[in-house]
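Accompanying notes for the structure given below.
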Amino acid sequence: MHGDVTRSITLSNIRQLWETGTRREFLRVAAAGGAAILLPTMFAACGDDDAGPADPPPSDAVILDLSSDPGVLNYAYALEQLEAAFYAQVAQAFYPGITAAEQQILTDIRDHEVIHRDFLAGALGSARIPDLEVDFAGGNVDFGSRFSVLSTAKIFEDGGVAAYNGAGRLLQDVNNLLLAGKIVSVEARHAAAIRDLLRPGTRDFAGDDVVDPSGLEQAFEPGFVLQDSGLGQFITTPIEIVS
Amino acid sequence: MDQKFPIIETSTPDAVERVVSRREAIRQGTGATSAILAGITAASVPIGAAAFARRAYAQAAAPTIVEVLNFALTLEYLEDEFYRTGLGGTVAAALSAPELTAIQQVSKHETAHVQFLTATIPALGGTPAPKPTFDFTAGGAFPDVFSNRVTFLALAQTFEDTGVRAYKGQAGNVASNDGVLTAALQIHSVEARHASQIRRLRGQKGWITGSEIGDLPPQSQPTYAGEENTIQGGTDAASLGAIAAVTEAFDEPLTMEQVLAIAGPFIVG
């Protein structure tokens with residue numbers, strides 16, 4: 001147990017996923033090195049997926065090396081790619097009956113996520129991972145449905161905050177930590193707004209499901225975010241976490 | 001799961017243990033059963049590699065972790081007493097139902113943050129700072145703070161947006177301890193959720209555009225000073241979108257000195 005903490009936790013998650021056997025994600029543990037190969041959209045029960053079941057070899061996987069800051073920032077970049085792609089599609093044709101206030105909020109969030117994505121791409125430069133393929137239809141998102149759009153947005157924003165909260169300790173340079181901090185609080189502002197659109201005027205904006213009795217919000221490990229938080233199901237590109 | 005008030009006395013020690021025992025914790029659940037912890041013993045992981053590396057960046061003049069947590073505790077004292085006083089005062093009856101609901105949830109979290117920090121600081125070998133005496137009228141500048149919902153909510157927004165910037169500004173100063181850093185981040189995002197909700201209840205966007213204070217009193221300006229920054233990571237992000245959106249997309253930190261200057265008028269001793 002003197003191994004790296006991140007790897008230990010990742011493997012612990014994987015073991016649990018194997019044991020539950022009810023996940024939609026297909027996971028593979030590489031024989032050598034113990035790295036987790038995540039193929040998050042291998043939907044065994046999703047026969048109507050236009051793309052069809054894909055089984056790319058691990059060599060196709062995007063690698064996130066979380067032992068270095070560029071790897072952690074690429075992890076953030078992956079999440080921002082996903083969010084930006086989602087809101088871009090939302091804003092391309094808003095769901096019927098959308099209010100002006102909702103349209104403003106979703107447009108603002110779209111703009112913020114695109115800026116986050118493009119900022120991280122620029123900061124990473126040649127170290128950035130490729131563009132990820134995303135698939136919202138496979139995740140049963142109905143862009144014509146207010147509830148579906150906002151519920152999906154809630155997954156992205158809550159998951160994004162928990163992801164940044166959990167990844168902060170992986171960053172080595174405090175300047176990168178500050179950058180992540182500048183972004184995560186904006187994601188938390190989004191999360192509160194989206195939740196309030198879904199359940200207006202309630203405690204849900206900072207609900208007891210995401211804030212514990214000590215007043216601490218969720219913090220997720222990267223492996224958990226990509227495997228099981230609800231975010232990973234929308235990423236088609238296989239991602240390999242190494243640490 | 002809109003549970004009643006949390007069982008702080010029993011829950012806090014667990015949370016504190018996560019911070020001070022150097023166990024790395026992961027939350028794996030969803031929904032109501034969110035806290036399954038997979039601890040890794042202190043012997044195997046005395047300190048995270050990244051935290052170790054971050055020490056190279058620590059500045060000689062930086063405050064200690066206990067000093068940072070006492071700074072945070074002072075802010076949490078302020079927020080906690082502000083909301084509890086408001087909920088016990090005539091302003092509570094003046095709030096709309098959504099406003100009252102939001103303030104109750106925010107107040108619950110601030111009380112929990114005080115409890116959490118008060119328990120964490122001794123576990124790290126420090127002594128919790130005593131609670132200051134507050135004057136939320138700020139020497140008479142806000143005489144109706146606990147009777148006028150407009151004033152009360154304006155200060156609530158100011159305190160929450162200040163809190164977000166305060167925690168953000170201290171992240172680097174607690175980065176040598178993974179547990180403390182993560183807990184600070186976990187509080188930081190809660191403050192941001194609070195800020196978003198209170199802003200929206202006041203008819204503002206949930207996010208901060210430039211250094212705009214909207215209809216807040218001029219005393220709130222220092223809370224937003226510098227939010228118009230577009231230089232991120234050494235490069236200008238201004239070209240990445242409309243300038244308003246670029247400033248909204250990044251929240252800016254405040255230094256300890258800036259925060260204490262903002263809180264100062266509300267602290268009388």
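Please treat every number below as a calculation from the coordinates, not as lab data. None of these values were measured; they are calculated from a predicted model.
Sequence-ordered 3J(HN,Hα) estimates for the range A:235-243 from the Karplus curve with 6.51, -1.76 and 1.60 and θ = phi - 60° stand at 9, 7, 5, x, 10, 10, 9, 10, 8 Hz, glycine and proline given as x. What ³J(HN,Hα) values, in whole Hz, does the Karplus curve 6.51 cos²θ - 1.76 cosθ + 1.60 give for the range B:242-248 when θ = phi - 60°, with x put for Gly and Pro? Rounded to whole hertz, the list is 4, 4, 4, 5, 5, 6, 5. Close amide H pairs (under 5 Å, H built 1.01 Å from N) link A:Val134 with A:Thr236, residues at least 5 positions away or on another chain. Across the range A:212-227, rounded Karplus estimates of 3J(HN,Hα) from the backbone phi angles (6.51 cos²θ - 1.76 cosθ + 1.60, θ = phi - 60°) give 7, x, 8, x, 9, 7, 4, 9, 10, 6, x, x, 5, 4, 7, 8 Hz, Gly and Pro being marked x. For B:Gln232, the residues 5 or more places off, or on other chains, whose built amide H falls under 5 Å of its own are B:Ala237. Here's how it looks for A:Ile241: its modeled amide H is under 5 Å from those of A:Ala36, A:Leu38, A:Leu64, which are all 5 or more places away or on a different chain. Which distance in Å, rounded to a whole number, links the C-alpha centroids of the range A:164-205 and the range B:120-188? About 17 Å separates the Cα centre of the range A:164-205 from the one of the range B:120-188.
Cross-link partners for A:Lys154 among the lysines, with Cα-Cα distance under 25 Å and sequence neighbours closer than 8 places in the same chain left out: A:Lys182, B:Lys4, B:Lys108, B:Lys168, B:Lys205.
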